[in-house]
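The values are calculated or read from the model by the stated rules, or taken from the named source; none is laboratory data. Note that this is a predicted model, so its numbers are computed, not measured. Please note: Cβ atoms are built from the backbone with ideal geometry, for glycine as well, and neighbour counts cover all protein chains shown. These area figures cover heavy atoms from the full protein model, side chains too; ligands, DNA and RNA do not enter into them. Shrake-Rupley method; radii C 1.70, N 1.55, O 1.52, S 1.80 Å.
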2 protein chains.
Amino acid sequence: MADLTRSQPARRRRGLLIVLSSPSGAGKSTISRMLLDSDPHVTMSVSATTRPMRPGEVEGRDYHFVEPGEFQRMIADGEFAEWAPVFDHHYGSPQAPIKAALKDGRDVLFDIDWQGTQQLHAAMGEDLVRVFILPPSMGELERRLHERGTDSDAVIAGRMQRAAAEISHWAEYDYVLVNEDMDSCLAEVRSILAAERLKRWRQAHLVSFVRDLVAGSPQQI
Amino acid sequence: MADLTRSQPARRRRGLLIVLSSPSGAGKSTISRMLLDSDPHVTMSVSATTRPMRPGEVEGRDYHFVEPGEFQRMIADGEFAEWAPVFDHHYGSPQAPIKAALKDGRDVLFDIDWQGTQQLHAAMGEDLVRVFILPPSMGELERRLHERGTDSDAVIAGRMQRAAAEISHWAEYDYVLVNEDMDSCLAEVRSILAAERLKRWRQAHLVSFVRDLVAGSPQQI
């Protein structure tokens, strides 16, 4: 695929925020990793969470693991762009790095649910691009959860119960994908990102580019 | 590139209208041809025009060539979605095939200028996706016009005069591209098309898909 950032260097356009939401197992985590690995202009928003660290997770890379009391302080001090309770724990996105990225023309990827997306949309408006990933079927969703092998059957049963609730919010998103296979779904997400970067209002540098282009025309003709 | 129409068959989504505008020589005609050749879901809107047929042009493929009197009748009978005078001739887009395409989930490509785009936007609203293609420089634009070899120096001088006026309308478009090379520009247009097809409101079939998905979940769990 051609370099879609070629005619609009990251430093010269406004960054954007892209959220991928889906029920657990629909593929958003895999697609997020593939996107981050293939696009240097995208960085992941590292959420703060009160849930315990899982085997293999790294502080500051997967999450900022904080105590419940510290999480409450961060809420009180307005340090989150969005936060929400999920199961028995809390998750939130610190807002300082988000605003810095938008200003620097970097894009930030979010792996958050419908609650966080609603708050982030209220806070960030058009800077946020909302993508919902649907599974091809609930049976396939459950199969993927078992295949992942990270959750007990009890946890999977709980996730399947929550899946229908998460999916019920699909219509609150700008783009909706059905994840029949990871490669097609990744290509779709990459196209959405490429297109959103080309939106006129995100390319403020074009105002001066066009001014110089037209002003220069008499000499060049 | 993965098949971006896979999870949303053309017949099941609402079609869209995409306009590529640019000054002559910025590449929109070449990119239009490359897009039509590479995407079976896109058809070209064949404009009616009062200008004489050029060598190599075919009636009904390149244009519907009509007499000035007939063109005026079509205006009077409201048969155009947009029409505009360009140089000494008139150009217009018949609207019957446009509405049929939207309903059938086919996409229609327009090669029209800012005047036609304004009218088409007023008539079709969000069904229209507006893309403006800028040349990297006016010198490069003139070089391409000479290279094309279809116009006299006098005509080229006239086109260069009109180029600045055409470019002055760039900010009326949804997406803006700088055509530094054809392959990158085509990839960008393809990404815009792929993304616009994935917009939630264009995928009305997802309402029943999600209803069945969630309703089916108890049986499948």
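Determine whether A:GLU142 is assigned to a loop (DSSP other than H, G, I, E, B), in contact (Cβ under 8 Å) with a residue 12 or more places away in the chain and at the interface with another protein chain (Cβ under 8 Å from one of its Cβ atoms).
Values: assigned to a loop (DSSP other than H, G, I, E, B): no; in contact (Cβ under 8 Å) with a residue 12 or more places away in the chain: yes; at the interface with another protein chain (Cβ under 8 Å from one of its Cβ atoms): yes.
When the stated conditions are applied, A:GLU142 does not pass them.
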I'd like to know if the stretch B:111-126 contains one or more residues that are within 14 Å of chain A (Cβ to nearest Cβ), of a type in the set (Val, Ile, Thr), surrounded by 18 or more Cβ atoms within 10 Å (Cβ to Cβ) and more than 28 Å from B:ALA204 (Cβ to Cβ). no
Out of the residues in the stretch B:164-209 meeting the condition of being open to solvent by less than 10 Å² (accessible area, probe 1.4 Å), among the β-branched types (Val, Ile, Thr) and at the interface with chain A (Cβ under 8 Å from one of its Cβ atoms), tell me which one is nearest to the chain's Cα centre (by Cα). B:ILE192
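Kindly evaluate A:VAL66 against the criterion of being at pLDDT 95 or above and more than 30 Å from B:LEU186 (Cβ to Cβ). Talk me through it step by step, then tell me what you get.
Working: at pLDDT 95 or above: yes; more than 30 Å from B:LEU186 (Cβ to Cβ): yes.
Judged against the criteria, A:VAL66 is a match.
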Apart from one, (1) more than 24 Å from B:VAL210 (Cβ to Cβ); (2) open to solvent by 10 Å² or more (accessible area, probe 1.4 Å); (3) not aromatic (Phe, Trp, Tyr) all hold for A:GLN161; the odd one out is (1)
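Report, by residue number, each residue of the stretch A:96-105 that is closer than 13 Å to A:LEU128 by Cα and of a type outside the set (Val, Ile, Thr).
Filtering the stretch A:96-105 down to residues closer than 13 Å to A:LEU128 by Cα leaves A:98-99, A:101-102.
The answer is A:LYS99, A:ALA101, A:LEU102.
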Under 7 Å between Cβ atoms, which residue pairs at least 6 apart in sequence (or on different chains) link something in the stretch A:173-185 that is touching a residue at least 40 places away in the same chain (Cβ under 8 Å) with a partner that is in a helix (DSSP H, G or I) and surrounded by fewer than 21 Cβ atoms within 10 Å (Cβ to Cβ)? A:TYR173/B:ARG200; A:ASP174/B:ARG200; A:TYR175/B:ARG200; A:VAL176/B:ARG200; A:MET182/A:THR30
Given the conditions (1) away from chain B (no Cβ under 14 Å); (2) within 16 Å of the chain's Cα centre (by Cα); (3) crowded, with 19+ Cβ neighbours inside 10 Å, which single one is not true for A:VAL131? (1)
